[in-house]
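Visitor: First the structure, which I've put down as structure tokens, then a few questions once you've had a look.
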Amino acid sequence: MTTLDPVRPGLHTIVVRMLLGLLGVAMVVLWVYAFFIAPSGNPDRLQDRSWPELAQQRCLEARAVIATLTPAAEATSPADRADGLDLATDALADMVVDLALLPGGIDDDTVLVGMWLEDWAVYLSDRRTHADRLRLEGDVRPLLTALPNGNGSVLKRMNGFARVNDMEACLDPGDV
């Protein structure tokens, strides 16, 4: 009877087994972190809920002003539509100034609100540009500033933040 010597794995096999083992451990660590350690919730949700409540009230006031204006569909000409758009944009610009002055919020919240208000500034500029184009070029579609990554517009991000923080009145008025 002959005995067979056990076959020793080569260096390549040992390296592959070690890498697969490390990959398995890394995946387990990742999922443990994701389910048990990582913070939950939307990173855009403000922690101090008093600020969104105050913002919602101020946005409702701006919407009330806009509701008194002639709707774009009833404008008699593109220039007339541009005049109404400018008045609505003025009301929104006043709203943004007031939102920047609202008290409350922790440091992380104020950073998020600041970025949201920057998006509003871009959106207001887009509205002004659209009104100018209505006067110069006639009935044209609005052009909205795209996000740097090319995935949507500033308007989409701005409205997303308002929705996450239960500030439905702070969505764009949809009057362009």
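Visitor: For segment 94-120, which residues satisfy the criterion of being charged (D, E, K, R) and either in contact (Cβ under 8 Å) with a residue 60 or more places away in the chain or part of a loop (DSSP other than H, G, I, E, B) (or both)?
Guide: Within segment 94-120, Asp108, Asp109 meet the criteria.
Visitor: Can you tell me which of (1) of a type in the set (Val, Ile, Thr); (2) at pLDDT below 90; (3) under 30 Å from Arg133 (Cα atoms) is the one Thr3 doesn't meet?
Guide: It is condition (3) that Thr3 fails.
Visitor: Output the residue which, of all residues in segment 29-51 that are in contact (Cβ under 8 Å) with a residue 60 or more places away in the chain and touching a Gly at 6+ places or on another chain (Cβ under 9 Å), is nearest to Cys170 (Cα to Cα).
Guide: Step by step, filter segment 29-51, then rank; the result is Trp51.
Visitor: Only residues that are in a helix (DSSP H, G or I) and touching a Pro at 6+ places or on another chain (Cβ under 7 Å): list them for segment 44-65, please.
Guide: Correct list: Arg63 only.
Visitor: For segment 109-168, which positions are of a type in the set (Lys, Arg) and within 18 Å of Val97 (Cα to Cα)?
Guide: Matches in segment 109-168: Arg127, Arg128.
Visitor: Follow-up question, since we're still on this one. Can you tell me which residue is surrounded by the fewest Cβ atoms within 10 Å (Cβ to Cβ) among those in segment 121-176 that are assigned to a loop (DSSP other than H, G, I, E, B) and of a type in the set (D, E, K, R)?
Guide: Arg141
One line per residue, one yes/no per condition, for (1) modelled with pLDDT under 90; (2) touching a Cys at 6+ places or on another chain (Cβ under 8 Å); (3) within 30 Å of Glu168 (Cα to Cα):
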| residue | (1), (2), (3) |
| --- | --- |
| Leu23 | no, no, no |
| Met27 | no, no, no |
| Leu60 | no, no, yes |
| Ala72 | yes, no, yes |
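Visitor: Given the conditions (1) within 15 Å of Val176 (Cβ to Cβ); (2) surrounded by 13 or more Cβ atoms within 10 Å (Cβ to Cβ), and given that Leu99 satisfies all but one, which numbered condition is not satisfied?
Guide: (1)
The values are calculated or read from the model by the stated rules, or taken from the named source; none is laboratory data. Small disclaimer: the values here were computed from a predicted structure and weren't measured. Cβ: placed from backbone, ideal geometry, glycine included. Neighbour counts: every protein chain shown.
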